[in-house]
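Q: Mind having a look at this structure? Questions to follow.
Any read-out appearing in this document is the output of simple, stated calculations on the displayed coordinates, not a laboratory observation. Note that this is a predicted model, so its numbers are computed, not measured. Backbone-built Cβ (ideal geometry, glycine too); neighbour counts: all protein chains shown.
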Amino acid sequence: TLALAAEAKGKSDFPRQYDINIEYGTAGFRSKAEHLDHILYRMGLLAALRSRVKGATVGVMITASHNPVADNGVKIIDPQGEMLEIRWETIASDLANIKDDELSSALLQIIKDESIDVTKPASVFFGRDTRPSSEHLSNAAVEGSKVFQAEVKDFGIVTTPMVHYFVAAHNSNNEYGDPTIDGYFEKLANAFRSFREEVVSERGPESGNYEPKIVADMANGVGGPMLKKMSELIKDLLTIELFNTGEGELNHESGADYVKVRQTLPKRVRIKAKDRCVSFDGDADRIVYYYQDQSVKFRLLDGDRIASLVAGYLKSLLDIMNIELNVGVVQTAYANGASTKYIKEVLKLKVACVPTGVKYLHHKAQEFDIGIYFEANGHGTVLFSKKTKVLVKAAREDKSSVFYRLAGGKRSAARKMLTFIDMVNETTGDSISDLLIVETILHARGWSVEDWENCYTDLPNRQLKVTVQDRNVIKVIDAECNISEPEGLQDDFDRLISMFAEGRAFVRPSGTEDVVRVYAESNTQANADKLAVHIAKLVH
Ligand code: NG1
Ligand code: ZN
């Protein structure tokens, strides 16, 4: 009867009006907002089933991240705050694309296939970004979950990583943190403060080249109000000057994606040379750093830089503690070749390369004791295994008197590492958490943004988008570094690439937009641009 009721309500209130096929992609469903009513309703239904399968709370986030304001999207968050299991992505896509009068039978089929006991309780957390369409779409999803008798908690306008956090914290019986908006801010702010106190008690208030001030572009998204809240909690430690906080159009000429892809300053920010700047994306799960040097040249410090900074610092703490762990950095083909080289050759850490999409990075990072994953676009976080947490806790209690001084340093490094872990949103990339992490490390190192940049020199690179008839005729292999279809195209690429010094290039169909993405890098910007244009022509 539940399935029949769901079908009736779907037909009457959230009919499938557009005969467009839509797939659960890199980050859930993304489309024009007006095409999504029935998708959201059905995802509300599905989330309630998913919750019953797992016997735990799941999350639903309504956002299209960095995409234009007219778009929207939805993704389901699994109980530990991770992305929906890949097998269920197919279930979600199938449910999204059926006709209205097939809904009841499709739901019954899922219930049967997954042996779901519909009499069991279900619980779903909701969050949404600031898009004008988000409230309506969120209501559609809430309706779906309610029809399937789930207990619903709507957090309203929050960042994507906050919803991941709420779900994980709630399902951990609050061990991971308090599953509330205040709980989230307190956890991160307290860790930021404790870390600072540890460093200051060790070496005094002196902080070298580090300036406790940043300029922040919020892309007119949810980051605006949320970072403002964080900034009030830590204002004695860090001054944050906020721009694009919601007065203008979402993601328009601003935000992490705009800055990263165009390699330029966002509009409507006021900065001076050498100011340390950040941009968030629309739902605040990405962050990039940048500054303008003395010659007014734009300098970007992207996700690869953050990964190398974090990896280098955590390794230095492990060295002090004298703990051997399997530490690795997970990247995608978009990672700048210079960063990969630096991590392997200077930091002497492992690097793994996986296909685009947080789920792949996250899973791979779980294979390490400390797995640092970042997409070049600034989405990433750090994962710590149980073993790591146990060993570091033991190091904190090390009272060996023979090497008392040594043990003191070890204990302090262990305290720092544990506080650091508290500052990290281990469920997914989180602009606010990542910002606190970077600021903490720069302060601990006594580094300016230029000192940070001096670790290595990026290879000039260029990204382009190409519109083609059907982007899915391109089939990629080797973590998207090569293509297998259309046949022969990779050979053409290889011939072209070999003509460019330090040349590297690849293409892949986007999972969130109807385009083929082109990436190229080479020894000079002119060469990178040229290589990208030539590759784009071959795809066209
Ligand atoms: P697609 O459109 O599949 O390239 C983009 C980003 C991903 C990820 C998703 C989700 C690039 C090149 N791609 O995916 O890394 O962040 O959006 O938002 O930045
Ligand atoms: Zn995002």
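Q: Which whole number of Å³ per residue matches the convex hull of the alpha-carbon atoms in the chain? Before the final figure, lay out the partial values.
A: On the way: hull volume 76.9 nm³, N = 540.
Residue-normalised Cα hull volume stands at 142 Å³.
Q: Quick one: compute the contact order of region 42-102, relative version, from alpha carbon pairs under 8 angstrom and 6+ residues apart, as a percent. Walk me through the intermediate numbers first.
A: Values: 56 pairs, mean separation 18.2, N = 61.
Computed over region 42-102, the figure is 30 percent.
Q: For the chain, give the magnitude of the charge dipole about the Cα centre (Cβ charges: +1 Lys/Arg, -1 Asp/Glu; no others), in debye to the nearest 20. Spell out each step's value before the answer.
A: Values: 67 positive and 77 negative charges, 254 e Å.
Charge dipole of the chain: 1220 debye, to the nearest 20.
Q: Quick one: net charge of Phe280's neighbours, Cβ under 9 Å, K/R +1, D/E -1?
A: On the way: positive: Arg286; negative: Asp217, Asp281, Asp283, Asp285.
That sum, taken over residues with Cβ under 9 Å, equals -3.
Q: What number, in percent, do you get for the relative contact order of the chain if the mean sequence gap of Cα pairs under 8 Å and at least 6 apart is divided by its residue count? Mind dumping the intermediate values first?
A: Working: 1142 pairs, mean separation 66.3, N = 540.
Relative contact order here is 12 percent.
Q: A further question follows. For region 153-254, which trypsin sites (Lys or Arg not before Pro) pass both filters: DSSP loop (anything but H, G, I, E, B) and at most 15 other C-beta atoms within 10 Å? Show your work: numbers first, answer last.
A: Working: sites: Lys153, Lys187, Arg193, Arg196, Arg203, Lys213, Lys228, Lys229, Lys235; in loops: Lys235.
Loop-located and lightly packed - Lys235.
Q: For region 116-216, what is the relative contact order in percent, using Cα pairs closer than 8 Å and at least 6 residues apart in sequence?
A: On the way: 81 pairs, mean separation 21.6, N = 101.
Relative contact order for region 116-216 comes out at 21 percent.
Q: Moving to a separate point now. Please tell me which of these pairs span more than 22 angstrom C-alpha to C-alpha: Lys213/Lys350; Lys387/Lys410; Lys54/Lys229; Lys229/Lys389? Intermediate results must be reported in sequence, preceding the final value.
A: Values: Lys213/Lys350 33 Å; Lys387/Lys410 18 Å; Lys54/Lys229 33 Å; Lys229/Lys389 29 Å.
Going by Cα-Cα distance, Lys213/Lys350; Lys54/Lys229; Lys229/Lys389 fall outside the 22 Å limit.
Q: Turning to a different aspect of this structure: Could you calculate, for region 231-347, the ratio of the Cα radius of gyration to the Kirkwood radius, expressed as Rg to Rh?
A: Details: Rg = 16.7 Å, Rh = 16.3 Å.
Over the Cα atoms of region 231-347, Rg/Rh equals 1.02.
Q: Filter the DSSP H helices in the chain by two things, a Kyte-Doolittle mean of at least 0.0 and an axial alpha-carbon span of 24 angstrom or more, and list the hits by number. List each step's numbers first, then the result.
A: Details: long enough: 37-54 (26 Å, 0.16); 181-203 (34 Å, -0.57); 303-321 (27 Å, 0.78); 404-423 (28 Å, -0.22).
Span-like helices here: 37-54, 303-321.
Q: Express in whole angstrom the spacing between the alpha-carbon centres of region 495-525 and region 94-143.
A: 39 Å
Q: For every other residue with a beta carbon closer than 11 angstrom to the beta carbon of Gln490, add +1 if it is Lys or Arg and -1 if Asp or Glu, then tell me the sum. Provide the component values of the computation, followed by the final result.
A: Working: positive: Lys475, Arg495; negative: Asp478, Glu485, Glu487, Asp491, Asp492, Asp494.
Here the charged neighbours net out to -4.
Q: Let me ask something else about it. What is the local net charge at Val533, summed over the other residues whose Cβ is closer than 13 Å to its Cβ (Lys, Arg +1; Asp, Glu -1)? Display every interim value, and only then the final one.
A: Numbers: positive: Arg462, Lys465, Lys530, Lys537; negative: Asp529.
Spelling it out: positives minus negatives among the neighbours equals +3.
Q: On to the next question. Under 5 Å between amide hydrogens, which residues at least 5 positions from Arg16 or on another chain qualify, with H placed 1.01 Å from N in the peptide plane?
A: Asp100
Q: Tell me, what is the FRET efficiency for Glu249 and Ser510 to the nearest 0.05, using R0 = 25 angstrom and their Cβ-Cβ distance as r? Don't skip to the end; give the middle numbers.
A: On the way: r = 22 Å, r/R0 = 0.88.
Efficiency for this residue pair is about 0.70.
Q: Based on the Cα gyration tensor of region 47-196, what are the three equivalent ellipsoid semi-axes, each the root of five times an eigenvalue, rounded to whole Å and given largest first? Show your work: numbers first, answer last.
A: Numbers: eigenvalues 159, 73, 31 Å².
In descending order, the three semi-axes are 28, 19, 12 Å.
Q: I've got another one for you. Please check which bits of region 453-497 a label hung off Asp529 would reach, taking the label as a point 7 Å along Cα-to-C-beta and the cut-off as backbone N under 16 Å.
A: 460-465
Q: Going by Cα centres, region 324-340 and region 237-279 are how many Å apart?
A: When both Cα centres are located, 26 Å separates them.
Q: Within 10 Å, count the other beta carbons around each residue, average over each peptide in 79-85, 58-64, 39-45, and list them highest first. Walk me through the numbers on the way to the answer.
A: Working: 79-85: 19.9, 58-64: 30.1, 39-45: 28.6.
Top of the packing list down: 58-64, 39-45, 79-85.
Q: Also, quick follow-up: Assuming R0 = 25 Å, what is the FRET efficiency of Ser105 and Lys54, from their Cβ-Cβ distance, to the nearest 0.05?
A: Using R0 = 25 Å, I get an efficiency of 0.60.
Q: Counting helices only, and only those DSSP H runs with n ≥ 4, report the 222 nm mean residue ellipticity of the chain as the sum of -39,500 (n - 2.57) divided by its residues, in deg cm²/dmol to the nearest 500.
A: Numbers: 18 runs with 227 residues, N = 540.
Taken over the chain, the calculation gives -13000 deg cm²/dmol.
Q: Counting other Cβ atoms within 10 Å of each Cβ, which GluC sites (Glu not before Pro) in region 414-506 have at most 15 and sit in a DSSP loop? Mind dumping the intermediate values first?
A: On the way: sites: Glu426, Glu439, Glu450, Glu453, Glu480, Glu487, Glu502; in loops: Glu426, Glu480, Glu487, Glu502.
Answer by residue number: Glu487, Glu502.
Q: For a quick protection proxy, order the peptides 123-136, 341-354 by their average other-Cβ count within 10 Å, most packed first. Before the final figure, lay out each step's value.
A: Details: 123-136: 22.7, 341-354: 16.9.
Final packing ranking: 123-136, 341-354.
Q: Same structure, new question: Cβ neighbours within 10 Å, averaged per peptide: list 154-161, 17-24, 461-468 in order, most packed at the top. Walk me through the numbers on the way to the answer.
A: Working: 154-161: 22.1, 17-24: 13.6, 461-468: 16.9.
Ranked from most to least packed, the peptides come out as 154-161, 461-468, 17-24.
Q: Post the alpha-carbon centroid distance, region 449-474 to region 160-213, in whole angstrom.
A: Between the Cα centres of region 449-474 and region 160-213 lies a distance of 31 Å.
Q: Taking a cut-off of 16 Å between Cα atoms, list the aspartates and glutamates near Lys99, but don't count ones fewer than 8 places away on the same chain.
A: The reachable aspartates and glutamates, counting only those whose Cα sits under 16 Å from Lys99, are Glu7, Asp13, Asp19, Glu23, Asp37.
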